[in-house]
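Each remark here refers to the structure printed beneath this line.
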Amino acid sequence: MVSLFIFLAAPSLFGLLRRNTFRAQAQELVSTMRMAAAAAAQSDRRYEVIIDITEQSFLLREITSPDLQQVLEEEIIVENNFSDNCRVVYVWFDDGEDTNEGRARFRVGHSGWQFGGKIVLLDEDEQPYSVLVSRINRMIVLAEGDVELLEPKTRGELPF
């Protein structure tokens, strides 16, 4: 009787653990971005969250060097890898730029995020989730689905 109960409960338990692993990894990214925004708002320092789509990793650094492309070891505050349960598919910035390879950089200073946008993640069931970064109010949220964001209008598309 006990082994039958374990046999029936095991798939549900393993599914729950996998979902929690995705949630934990996605929430770690959200927390890291929130930490960068909060630290920048309280100081004159600048921070950068780099999403490496090719390597399936991210890091948070305090920008101390004038060369923004070079990441110094002493600048790194958080460094983490994604797993098969949580993969980055692409990043879209609110200026219309997007990438599905290489590195995407979100920079934040005292006045807020340089660019907003979304980071699209897939869970182990290939379901999309979006980490939304707002440069207007500094909010960073995790939402189900590949959330559509408003695209910027060009000069000729303005209604006036």
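Numbers at a glance
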read-out	value
Qualifying residue in region 93-105 (condition: modelled with pLDDT under 95 and closer than 16 Å to residue 34 by Cβ)	no
Residue selected from region 114-128 under the condition in contact with a strand residue (DSSP E or B) (Cβ under 6 Å, 6 or more places away or on another chain) and modelled with pLDDT of 95 or more, by the criterion surrounded by the most Cβ atoms within 10 Å (Cβ to Cβ)	119
Yes/no for residue 48 being in contact (Cβ under 8 Å) with a residue 40 or more places away in the chain, of a type in the set (D, E, K, R) and closer than 18 Å to residue 112 by Cβ	yes
Residue 16, sole failed condition from (1) modelled with pLDDT of 95 or more; (2) among the hydrophobic types (A, V, I, L, M, F, W, C); (3) outside any strand (DSSP E or B)	(1)
Verdict on residue 98 being surrounded by fewer than 17 Cβ atoms within 10 Å (Cβ to Cβ), under 22 Å from residue 148 (Cα atoms) and charged (D, E, K, R)	yes
Residue tally, condition in contact (Cβ under 8 Å) with a residue 12 or more places away in the chain, aliphatic (A, V, I, L, M) and not in a strand (DSSP E or B), over region 87-144	1
Residue in region 40-62 that is farthest from residue 30 (Cα to Cα), counting only those that are hydrophobic (A, V, I, L, M, F, W, C) and either assigned to a loop (DSSP other than H, G, I, E, B) or touching a helix residue (DSSP H, G or I) at 6+ places or on another chain (Cβ under 7 Å) (or both)	53
Given (1) surrounded by fewer than 19 Cβ atoms within 10 Å (Cβ to Cβ); (2) touching a residue at least 12 places away in the same chain (Cβ under 8 Å), number of the condition residue 64 does not satisfy	(2)
Residues that are assigned to a loop (DSSP other than H, G, I, E, B) and free of Cβ contacts under 8 Å to residues at least 24 places away in the same chain, drawn from region 69-86	69, 70, 71, 72
Extreme residue, surrounded by the most Cβ atoms within 10 Å (Cβ to Cβ), among residues of region 46-60 that are hydrophobic (A, V, I, L, M, F, W, C) and in contact with a Lys or Arg (Cβ under 8 Å, 6 or more places away or on another chain)	49
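The values are calculated or read from the model by the stated rules, or taken from the named source; none is laboratory data. In this text, all values refer to a predicted model and were calculated from it rather than measured experimentally. Note that each Cβ is placed from the backbone with ideal geometry, even for glycine, and that neighbours are counted across all protein chains shown.
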